[in-house]
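One structure is given here, and the rest of the page talks about it.
Each reported figure results from applying straightforward, stated rules to the coordinates on display, with no laboratory input. It should be emphasised that the depicted structure is a prediction, and the values quoted were computed from it without experimental measurement. Cβ coordinates were reconstructed from backbone atoms using ideal geometry, including for glycine residues, and neighbour counts include every protein chain displayed.
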Amino acid sequence: MELIDQGSFCRSSPCHHVYGWDRSDVLDQASSGQRRHRPSLPLTLMPKLSAFYGIAIYLYWDDHNPPHYHARYGNEHEAWVTIAGSKVLHGSLPRRALRLVRSWHRLHQAELEAAWDKAKASQAPGTIDPLP
C-alpha cells in the first residue's frame, strides 16, 4: 500500500476546509508525534487505493460521512466521490477523468465499501485493481 504525505497538498485540498488543517499544523503534529484529528494513525499518511491513467484514488483514515474517496488528477484537480452513488461531493475533475473514475467505481463498488469500513476502523484499507 502506498501512502501520501497530506502536508504536501493540504492547503489546497479539502482537508484544510473540512478539518481546518494547514500545512504547519500537519508538519508540527507529524514532528511532535501528536495525533489530534485521527488518534490511531499519523495524520500525514493517506493510503492510495488505486492509480490509473494519471488518476490516483485515496482514502483518508477515519474520514467523515458520507462514505467517499478522494480522486486526484494531476496537481490541479481533486474531487470527493461518494461510494454509494459515485456523485461528486466536493471539488471537480475534468470530464474524461470523471468518466474513468466512475467506470472504475462501477467495477469495484463492493471493494470500495470494504475499504471504507476498514479505514473507519483504523485498519489498512488495502489496494484495489486499477482500471484495465
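Structure data summary
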quantity: Sorted by Cβ density within 10 Å, fewest first, the residues TRP104, TRP80; calculated: TRP80, TRP104
quantity: Sequence-distant residues sharing a close amide H with ASP62 (under 5 Å, placed H); calculated: LYS120, SER122
quantity: Residue list for the range 56-70, given a label point 7 angstrom along the Cα-to-Cβ vector of LEU131 and an amide N cut-off under 16 Å; calculated: 56-58, 69-70
quantity: Residues LEU98, LEU107, sorted so that the one with the fewest Cβ neighbours within 10 Å comes first; calculated: LEU107, LEU98
quantity: Full-stretch length increase - ALA51, ASP117 - with 0.36 nm per residue and alpha-carbon distance subtracted; calculated: 21.7 nm
quantity: Nonlocal amide H pairs with LEU49, under 5 Å, H built at 1.01 Å; calculated: ILE57, TYR58, LEU59
quantity: Amide H within-cut-off set for LYS87, under 5 Å, with H built and near neighbours excluded; calculated: THR82
